[in-house]
Amino acid sequence: MLLVEDDVTIRTALVRGLRDRGHAVSSAASALDGLRLALDNRPDLVVLDLGLPDLDGAELLRMLRAVSRMPVIIATARDGEAETVRLLDAGADDYVVKPFTATHLDARIRAVLRRTGQEESTTTITVGGLLMDVRGRVATLDGTPVELTPREFDLLLYLASRPGRVVTKRELLTEVWQVPYGMTDKTVDVHLSWLRKKLGETAQEPRFLHTVRGVGVKLVDPS
Ligand code: CA
């Protein structure tokens, strides 16, 4: 699922909370980034903040609806009946009024997915012998469980969800750590080396995790 929210505190808390509840979450801080991710990744569901820096969320909803039926939950600080009716008429599937908790949002998400007749499709991700159970937060390699910390799981899941695509360390810090500033690439390097160890490979003899010098890292099917 995709969360479009410009407030970094709210975004970070919701991404963590929803990941802990088994959702594969990507996030965007502006309407145009949100639109690009929605069209590129085709998420199962979009949670959309209304007050965004570049475009109003309602405008983004109209743009999404012009091309897609993907479920949209509006997150709004505006609690007015006329506004709510307008958004539901414009194609929103549900709305939540701020402030709300990740638990509350999770319940709304599951209800909307049930109602729109789609369970979350990305419950398992397979790349070669690597299988990731997103809801159960379990990874196995050739059938053997891989012991991962929550952060390592999120990092591996992020890469395994985009096989073959080079991901920059900046993107990983933003999307996995949720801290684009104040942390160095070293953090990513250290976690990648732990992941390599657990996947039984090295930077010199990579199987899944390939460093692209000066750019980032990509996960590929080694077979
Ligand atoms: Ca906002």
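Here is how the numbers come out for the structure above:
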{"read-out": "Computed [θ] at 222 nm, helices only, for the chain once each DSSP H run of length n ≥ 4 contributes -39500 (n - 2.57)", "value": "-12500 deg cm²/dmol"}
{"read-out": "Range in the chain, longest, excluding exposed chymotrypsin sites (Phe, Trp or Tyr not before Pro) [loop by DSSP; at most 15 other beta-carbon atoms within 10 Å]", "value": "1-99"}
{"read-out": "Cα pair distances exceeding 12 angstrom across the stretch 66-106, given as percent", "value": "61 percent"}
{"read-out": "Value of relative contact order over the stretch 146-211, rounded to a whole percent, pairs C-alpha under 8 Å and six or more apart", "value": "29 percent"}
{"read-out": "Segments 11-18, 81-88 sorted - mean Cβ within 10 Å per residue, highest first", "value": "11-18, 81-88"}
{"read-out": "Largest to smallest accessible area among Glu175, Glu147, Glu59 [probe 1.4 Å]", "value": "Glu147, Glu59, Glu175"}
{"read-out": "Directionally averaged shadow of the stretch 2-121, computed from the convex hull of its alpha-carbon atoms, nm²", "value": "6.5 nm²"}
{"read-out": "Calculated FRET value between Ala13 and Leu88, using beta carbons and R₀ = 25 Å, to 0.05", "value": "0.45"}
{"read-out": "Inter-label distance for Ala77 and Lys98, nm, one decimal - labels placed 7 Å from Cα along Cα-to-Cβ", "value": "0.5 nm"}
{"read-out": "Whole-Hz couplings from phi, Karplus 6.51/-1.76/1.60, listed for the stretch 216-223; x for Gly and Pro", "value": "x, 9, 9, 9, 10, 6, x, 7"}
{"read-out": "Burial order of peptide ranges 108-117, 68-77, 126-135 (average beta-carbon count within 10 Å, highest first)", "value": "68-77, 126-135, 108-117"}
{"read-out": "Overall Cα dimensions of the stretch 1-43, principal axis frame, Å, largest first", "value": "25, 21, 6"}
{"read-out": "Contour minus Cα-Cα distance for Glu201 and Arg42 (0.36 nm per residue)", "value": "54.1 nm"}
{"read-out": "Value of Rg/Rh across the stretch 182-223 [Cα atoms, Kirkwood radius]", "value": "0.98"}
{"read-out": "Cα-derived Rg to Rh of the stretch 123-219, Kirkwood definition", "value": "0.93"}
{"read-out": "Solvent accessible area, Å² - Arg42, 1.4 Å probe, full protein context", "value": "130 Å²"}
{"read-out": "Computed E for Leu141/Ser30 - FRET, C-beta separation, R0 45 angstrom, nearest 0.05", "value": "0.75"}
{"read-out": "Whole-number percent relative contact order across the chain, with pairs defined as alpha carbons under 8 Å at least 6 apart", "value": "14 percent"}
{"read-out": "Cβ-based net charge around Ala111, under 10 Å, with every Lys or Arg adding one and every Asp or Glu removing one", "value": "+1"}
{"read-out": "Test item: Cα-centred dipole of the chain, Lys/Arg +1 and Asp/Glu -1 on Cβ, debye", "value": "480 debye"}
{"read-out": "27 Å tail of the calculated P(r), the chain, as % of Cα pairs", "value": "35 percent"}
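The values are calculated or read from the model by the stated rules, or taken from the named source; none is laboratory data. What you are looking at is a predicted structure, and each value in this text was computed from that prediction instead of being measured. Every residue, glycine as well, gets a Cβ built from its backbone with ideal geometry; the counts of neighbours run over all protein chains shown. Ligands, DNA and RNA are excluded from the accessible area calculation, which covers all protein heavy atoms including side chains. Shrake-Rupley method; radii C 1.70, N 1.55, O 1.52, S 1.80 Å.
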